[in-house]
Amino acid sequence: KAGVTQTPRYLIKTRGQQVTLSCSPISGHRSVSWYQQTPGQGLQFLFEYFSETQRNKGNFPGRFSGRQFSNSRSEMNVSTLELGDSALYLCASSFGQSENIQYFGAGTRLSVL
Amino acid sequence: KNEVEQSPQNLTAQEGEFITINCSYSVGISALHWLQQHPGGGIVSLFMLSSGKKKHGRLIATINIQEKHSSLHITASHPRDSAVYICAVKPGKYIFGTGTRLKVLA
């Protein structure tokens with residue numbers, strides 16, 4: 001069974017641009033969560049989706065948004081990029097709600113110049 | 001004060017040593033997760049605990065819900081155990097500890 005796939009793996013953008021990251025969960029998994037990891041703040045929760053509905057949202061500005069499709073694939077979008085958005089963005093999937101064991105993708109490393 | 005505190009922040013051990021990493025939290029939770037992150041970023045879920053103790057190979061995790069404390073033990077540590085270990089709790093949305101950076105020397 002394929003693992004969680006995140007694309008792209010690396011991304012370089014400039015301030016003011018927008019970016020879309022993609023996450024394909026493990027087949028059969030209906031829950032997808034997104035996290036941001038930076039050296040200064042560590043791991044922080046962004047969103048949680050289950051069956052196309054956002055179930056939880058972290059404390060991030062409205063520039064960060066996401067969605068989940070009917071096939072459970074998820075995307076997150078960051079608009080008007082700032083230097084501080086440079087981070088590793090991780091996606092994790094689980095079969096049920098995210099209280100279950102989560103399986104993480106390799107992440108997308110975003111650099112904002 | 002952070003809602004999830006881990007100790008120690010950094011740990012260096014000799015191969016074969018018994019290792020303990022601690023996690024204390026101040027919020028009500030239904031479960032606690034232990035994660036392992038290797039250099040390069042990949043994260044693996046090691047355990048999800050709601051009570052008692054779980055064991056997987058050389059790894060043992062315990063939790064005391066009343067005391068709001070969990071420990072991760074590694075028996076007979078090996079250099080391949082070198083990683084960052086992170087605990088996470090979910091009172092609504094996930095809150096992560098700052099991680100314990102473990103280095104096991106051969």
Using unit Cβ charges (K, R positive; D, E negative) and no other charged atoms, how large, in debye to the nearest 20, is the dipole of region A:6-113 about its Cα centre?
-> 180 debye
Given backbone amide H placed at 1.01 Å from N, residues whose amide H is under 5 Å from that of residue B:47, ignoring those fewer than 5 places away on the same chain, are B:34
So the FRET efficiency between residue A:27 and residue A:109, C-beta based with R0 = 35 Å and rounded to 0.05, is 0.90
Too long for a 23 Å Cα-Cα cut-off, among B:53/B:90; B:68/B:93; B:68/B:103; B:55/B:103, are B:68/B:103
Over region A:1-111, relative contact order from alpha-carbon pairs under 8 Å, at least 6 apart, % | 36 percent
Rounded to the nearest 0.05, FRET efficiency between residue A:10 and residue B:26 (Cβ-Cβ, R0 41 Å) equals 0.65
Taking chain A as a Gaussian network, Cα atoms linked when under 10 Å apart, which of A:70, A:93, A:27 shows the biggest mean-square fluctuation?
-> A:70
Enumerate the aspartates and glutamates that residue B:54 could reach by cross-link, defined here as Cα to Cα under 17 Å, with residues fewer than 8 away along the same chain left out.
-> A:99
Pop the C-beta distance of residue B:106 and residue B:10 into the FRET formula with R0 = 22 Å and round what comes out to the nearest 0.05.
-> 0.75
Please report, in debye to the nearest 20, how large the charge dipole of chain B is about its Cα centre when each Lys and Arg carries +1 at its beta carbon and each Asp and Glu carries -1 there.
-> 220 debye
Could you calculate the contour length gain from residue A:60 to residue A:38, that is, 0.36 nm times the residue separation minus the distance between their Cα atoms, to one decimal place in nm?
-> 6.5 nm
Proxy reagent accessibility, fewest Cβ within 10 Å first, across A:57, B:93, B:53 | B:53, A:57, B:93
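Identify the chymotrypsin sites (Phe, Trp or Tyr not before Pro) of region A:30-95 meeting these criteria: DSSP loop state and at most 13 other C-beta atoms within 10 Å of the C-beta.
Here the sparse-neighbourhood loop sites are A:69.
None of the figures in this text is laboratory data; all of them are computed from the coordinates on show. Worth saying up front: this structure is predicted, and the values here are computed from it rather than measured. Note that each Cβ is placed from the backbone with ideal geometry, even for glycine, and that neighbours are counted across all protein chains shown.
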